[in-house]
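K.L.:
Let me give you the structure first, and then I'll get to my questions.
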Amino acid sequence: MTLPPGRLSSFVVRTGETPGRRLPVSFDQRRHVGEGQRPGSWMAVSFRLPVGVEREQLASAWMRVIARHGTFRTAFRPGDDGPALHEVDVESGAWTQHPVAPGRTAREVVRDVFDEACAPYQAPSYRLCLLEPHDETEGGVVVIGADHSHVDMWSWHVVIRDLLAAIDEPDVCGEPAAPFAEHTDLLERMPPAPSHVSERWEAILAAEAGAMPLFPLPLGDVSSPRRAVVEVRDVLDSAELRRFDAAASALSVRAIALAMSVLTRVTRTLADAPLRAVFPVHSRHDHRWHDAVGWFITNAVIESDDDDPAACAASVKEAMALGSYPLAPILAPYGGMPVRPGMFALSWLDVRRMTMPTDPELEIQHVSAAIDVDGVMIWFTATRNGLQLRSRYPDTPEARANVGAWLDALEAGLEDAAAR
């Protein structure tokens, strides 16, 4: 994340001490929060405010966003049978200053604030920060962080839209959005997955000796987590991404399938292995969840050994199907999600398909925490500005060499596909 020089503050929201009604906990929430209170469990977003928005306007609008989205009025507590989620009363807060000492950056101070305020068992486990630039002709930069148990990246675009609307029309309060806890309850009451889905999960996990997929090239010693290397690559600009889309359309597939074709070919060339990765997919299948905030993500696995774009489209479709059923009963025989050091995951988000604001002048940045890792995570984000590739992997000589070479080949393959 990049931030301009300026004055940094945050709006501290308070919650009542007495927990309210207990709510259902999703499979991923239980896994995530169950790892305990820790720094770096959050995810965040930043965007540029219109010039002239005052701090109190922003605070008032933020309180209306909190009132609209139920997950911001919940908090976790340790329970006898794992994390317990309760409703909480949210009280208006106050601004606090965060001086940026010489030799430090505003980004580092924001990270410290989020590490403390956005941990799994904090109440609330989110915080809004404001960077007011020294240059008064520029709008302020808002950075909002929350423990991952309450948000996904789609959610942040909903929050930006609702926050800007609440600033523009302070007397208008939108109807409460569908709460994420209701989605969790509905998912828990779904019938079991069909046998062919469970059998496919078994086959994919068996390929990795009963674990989630591993990165196909050596990462060195990752028996314990290492400080992460984070790379951000602007792979395609807006014109190149349009050509990439056109190339996919000419093959009667979507851009994601063409990207998976490149991924499959690169993985086969460099590792002599099929593409196999954890593949997060959204669970916002009903329209009412499109405007909701929560962790509407479930884990699937994508497996592709044929780089034909049509075959890759089928692999994406299969992954979506694998993630369309409750995971708890499917993974129960494995004691939950079977994770080993070296796990490989990749995510695809095309914000151009959303109805939320994605205007370039908002300067939206997706922000992740600096943490120690033992696996490889890849994020693709397609916006009006182009295709961005973010990666996070362990800082070992082997990982730097092998993941770096894999990323170089992937970037070249995507550029080549756009140029055809």
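The values are calculated or read from the model by the stated rules, or taken from the named source; none is laboratory data. Everything numeric here is computed off the predicted structure, so don't read it as measured data. Cβ sites come from the backbone with ideal geometry, for glycine too, and all protein chains shown count toward neighbours. Just so you know, the surface numbers come from the protein's heavy atoms only, side chains and all, with ligands and any DNA or RNA stripped out. Shrake-Rupley method; radii C 1.70, N 1.55, O 1.52, S 1.80 Å.
K.L.:
Stretch ASP272-ALA209 to full length: gain in nm at 0.36 nm per residue minus the Cα-Cα span?
P.N.:
Here the answer is 20.9 nm.
K.L.:
Leaving out ligands, DNA and RNA, and with a 1.4 Å probe, what % of the accessible surface on the stretch 309-420 is carbon or sulfur?
P.N.:
Looking at the stretch 309-420 in its full context, I get 51 percent from C and S.
K.L.:
While we're on this one: Determine which residues of the stretch 115-154 fall in the zone a paramagnetic label at VAL12 would reach in this model, i.e. backbone nitrogen under 17 Å from the point 7 Å along Cα→Cβ.
P.N.:
115-119, 122-130, 145
K.L.:
Continuing with this model, one more query. Which value, to two decimals, describes the C-alpha radius of gyration of the stretch 32-175 once divided by 2.2 N^0.38 Å?
P.N.:
Normalised Cα radius of gyration, the stretch 32-175: 1.08.
K.L.:
Please report, to one decimal in angstroms, the Kirkwood hydrodynamic radius of the stretch 196-318 built from all distinct Cα-Cα pairs.
P.N.:
Answer for the stretch 196-318: a Kirkwood hydrodynamic radius of 16.8 Å.
K.L.:
At a 10 angstrom cut-off on C-beta neighbours, averaged per residue, how do the peptides 258-265, 207-214 rank from highest to lowest?
P.N.:
Sorting 258-265, 207-214 by mean packing, highest first, produces 258-265, 207-214.
K.L.:
Rounded to whole Hz and in sequence order, give me ³J(HN,Hα) for the stretch 239-244 from the Karplus expression 6.51 cos²θ - 1.76 cosθ + 1.60, θ = phi - 60°, writing x for Gly and Pro.
P.N.:
Going residue by residue, I get 5, 5, 5, 4, 5, 4 Hz, with x marking Gly and Pro.
K.L.:
A follow-up question, please. Ordered by residue, what ³J(HN,Hα) values in Hz, to whole numbers, does the stretch 178-188 give under the Karplus form 6.51 cos²θ - 1.76 cosθ + 1.60, where θ = phi - 60° and Gly and Pro are x?
P.N.:
Whole-Hz 3J(HN,Hα) from phi for the stretch 178-188: 4, x, 4, 4, 5, 4, 4, 4, 5, 5, 5.
K.L.:
To continue, here is another question. Kindly give Rg over Rh for the stretch 164-221, based on alpha-carbon atoms, with the Kirkwood expression for the hydrodynamic radius.
P.N.:
Rounded to two decimals, Rg over Rh is 1.32.
K.L.:
Let me ask another. Want the number for GLU136 to LEU186: 0.36 nm per residue separation, take away the alpha-carbon distance, what's left?
P.N.:
So the chain would gain 13.2 nm between GLU136 and LEU186.
K.L.:
Sketch the reach of a paramagnetic label on TYR334 as a point 7 Å from Cα along Cα-to-Cβ, and name the residues of the stretch 225-265 whose backbone nitrogen lies under 12 Å away.
P.N.:
none
K.L.:
Over the stretch 104-244, what lengths in whole Å, largest first, do the semi-axes of the equivalent ellipsoid take, defined as the square roots of 5 times the eigenvalues of the alpha-carbon gyration tensor?
P.N.:
The answer is 35, 26, 20 Å, longest axis first.
K.L.:
At 1.4 Å probe size, with the rest of the protein present, what percent of the exposed accessible area of the stretch 68-226 is carbon and sulfur atoms?
P.N.:
Whole-percent figure for carbon plus sulfur exposure: 50.
K.L.:
Nearest 0.05, what FRET efficiency do ASP81 and HIS196 give at R0 = 22 Å with Cβ-Cβ as r?
P.N.:
0.10
K.L.:
Taking the Cβ of TRP201 as the centre, find all other residues whose Cβ is under 14 Å away and add up their charges (Lys, Arg: +1; Asp, Glu: -1).
P.N.:
Around TRP201, the surrounding residues sum to -3.
K.L.:
Also: So what's Rg/Rh here for the chain, counting alpha carbon atoms and using the Kirkwood radius for Rh?
P.N.:
Value, to two decimals: 0.95.
K.L.:
Follow-up question, since we're still on this one. Show the residues, 5+ positions off or on another chain, whose built amide H is closer than 5 Å to the amide H of ALA300.
P.N.:
Excluding prolines and chain starts, which carry no amide H, the hits are PHE279, VAL281.
K.L.:
From the square roots a ≥ b ≥ c of the eigenvalues of the alpha-carbon gyration tensor of the stretch 320-372, which class results: rounded (a/c under 1.5), prolate (a/b over b/c), or oblate?
P.N.:
oblate
K.L.:
Continuing with this model, one more query. Which whole-number value in Å² is the accessible area per residue of the chain, probe 1.4 Å?
P.N.:
Per residue, the chain has 44 Å² of solvent-accessible surface.
K.L.:
Rank by packing, highest mean first: peptides 64-75, 40-51, with packing defined as the count of other Cβ atoms within 10 Å averaged across residues.
P.N.:
Packing order, densest peptide first, comes out as 64-75, 40-51.
K.L.:
Go ahead and collect, in residue order, the members of the stretch 131-171 whose backbone nitrogen is under 19 Å from a label point 7 Å along the Cα-Cβ direction of VAL51.
P.N.:
The answer is 131-142, 168, whose backbone nitrogens lie closer than 19 Å to the label point.
K.L.:
For the chain, with only Lys/Arg (+1) and Asp/Glu (-1) charged at the beta-carbon, what is the dipole magnitude about the Cα centre, in debye rounded to 20?
P.N.:
300
K.L.:
What is the set of long-range amide H partners of SER347 at a cut-off below 5 Å, with H atoms built 1.01 Å from backbone N?
P.N.:
Amide H neighbours of SER347: ILE378, TRP379, PHE380.
K.L.:
Now for a different question. With every atom except the alpha carbons ignored, what do you get for Rg and Dmax of the stretch 307-408, in angstroms?
P.N.:
Reported Rg and Dmax, both Å: 16.8, 49.
K.L.:
Which residues' amide hydrogens lie under 5 Å from the amide hydrogen of THR15, considering only partners 5 or more residues apart or on another chain, with H built in the peptide plane?
P.N.:
Here GLU91 satisfy the definition.
K.L.:
Another question about this same structure. Fully extended, how many nm does the chain gain between SER224 and SER238 (0.36 nm per residue separation, minus their Cα-Cα distance)?
P.N.:
1.1 nm
K.L.:
I need the phi-derived Karplus couplings for the stretch 297-306: 6.51 cos²θ - 1.76 cosθ + 1.60, θ = phi - 60°, integer Hz, Gly and Pro marked x.
P.N.:
In residue order, the calculated couplings are 10, 10, 8, 10, 9, 9, 10, 9, 10, 10 Hz.
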